1. For region 10-103, with the dipole built from +1 on Lys and Arg beta-carbon atoms and -1 on Asp and Glu ones, taken about the Cα centre, which of Leu39, Phe99, Ala89 lies farthest toward the positive end?
2. Compare the Cα positions of Gly246, Leu210, Leu272 along the charge dipole of the chain (+1 at Cβ of Lys, Arg; -1 at Cβ of Asp, Glu; about the Cα centre) and return the one farthest towards the positive end.
3. Label the chain by shape, choosing from rounded, prolate and oblate, from the square roots a ≥ b ≥ c of the eigenvalues of the Cα gyration tensor; if a/c is under 1.5 it is rounded, and otherwise prolate applies when a/b is larger than b/c, oblate when it is not.
4. Taking every DSSP beta bridge with both residues inside the chain, roughly what % is antiparallel (nearest 5)?
5. Full-extension gain between Ala271 and Thr44, please, as 0.36 nm times their residue separation minus the C-alpha to C-alpha distance.
6. Could you list which residues have their amide H under 5 Å from that of Thr103, counting only those 5 or more apart in sequence or on another chain, with H placed in the peptide plane?
7. Taking just the alpha carbons, could you work out the radius of gyration and Dmax for region 1-108, both in angstroms?
8. With an 8 Å Cα cut-off and a minimum separation of 6 or more residues, compute the relative contact order for the chain in percent.
Amino acid sequence: MKSTVLFVDDEANVLRALRRLFRGDPLRLLEASSAEEALEMVRTEEVSVVVSDNRMPGLAGTEFLSRLRRSAPDTVKILLTGYADLEIALTAINRAEVFRLMTKPWKDDELRQAVLDAAERYHVVRAMQDADEAKLLSLAQAIELKDPHTRGHCDRVAQYAVLIADRLGLEHRAKVDLRRGSWLHDCGKIGVPEAVLNKNGPLTPDEFELVKRHSEWGFEVASKARLSPAVVHVIRHHHEKMDGTGYPAGLKGSEIPLEARIVAVADIFDALASDRPYRAAFSPETVGEMVRSLAGAHLDARLVDAFLAAMAADSPSLPGIRAAAVGA
């Protein structure tokens with residue numbers, strides 16, 4: 001299904017330029033010359049993305065997008081303005097829940113990518129809202145296609161997380177949330193360029209900062225989809241560390257939600273045991289030793305003990321895992 005994008009601007013030449021820019025993309029394009037006309041269109045159309053000018057006769061773009069937030073809360077909003085100041089930016093973000101604030105004249109590549117990212121975000125949110133577990137797993141697998149080296153990663157993390165939950169004696173509801181949170185823990189990577197995800201070598205500091213933002217982007221998407229708090233915690237906090245040096249919030253110890261601490265153990269184990277663009281997978285012996293070495297400062301030591309013990313019992317043919325578990 002094509003995403004529907006609505007452009008709102010009182011200048012006909014701007015609408016023509018936008019139409020030309022997106023002519024080759026798999027999008028359904030609509031146009032409105034005023035905010036009032038756009039609001040009428042959204043009442044009868046499922047609009048994925050709205051790109052609106054700010055300075056228009058009648059309703060300003062920020063006021064229009066604020067009203068749109070109430071009538072079409074899932075529609076992703078992009079604001080164009082030739083007067084980019086702090087007041088407009090704060091109003092756009094706080095009142096209108098704007099996805100991107102972009103200045104005129106825009107850069108074609110930047111605007112086009114912002115719209116395509118917004119369309120993808122819309123469909124991810126809608127898929128999350130009413131999906132059963134089969135659809136959630138399918139969504140996670142679709143997101144993984146951006147990075148072929150992580151294929152199957154989300155499902156393996158879910159299996160490891162539930163293994164820890166079984167060892168801890170957690171209830172069924174907690175296991176369901178862990179499984180769903182594990183599947184979706186990297187959903188924020190929809191906002192990370194594939195060239196960065198697939199880079200064949202170490203990331204630069206700027207590229208790493210971009211990758212780190214995936215946990216906050218995923219948190220925003222999951223919150224908008226109104227997923228359970230436990231699932232949202234996993235998505236946002238699975239890169240926190242016990243000593244407080246993780247991201248995005250720098251939480252420490254028990255401040256990190258239990259479900260996020262569980263998925264952190266499962267996530268790191270699978271990352272070490274899998275091939276990456278810049279290195280081959282480590283051996284089971286090395287993986288066990290490395291996970292054990294991260295207990296305390298990085299990972300919850302109690303959960304590492306539980307995981308390695310469960311893995312040793314479940315896979316007795318892995319001597320490295322068994323040795324690491326015995327060393328607990």
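1. The residue sitting most towards the positive pole is Phe99.
2. With unit charges placed on the Cβ atoms, the residue in question is Leu272.
3. It comes out prolate by the Cα gyration axes.
4. 5
5. My answer for the length gained is 77.1 nm.
6. Thr81
7. Final numbers for Rg and Dmax: 12.7, 37 Å.
8. Numbers: 524 pairs, mean separation 37.0, N = 328.
Once normalised by length, the contact order is 11 percent.
The values are calculated or read from the model by the stated rules, or taken from the named source; none is laboratory data. Model, not experiment: these values are computed from the prediction. All Cβ positions, even for glycine, are placed from backbone atoms using ideal geometry, and neighbour counts span all protein chains on display. These accessible areas exclude ligands, DNA and RNA; they are computed on the full protein's heavy atoms, side chains included. Shrake-Rupley method; radii C 1.70, N 1.55, O 1.52, S 1.80 Å.
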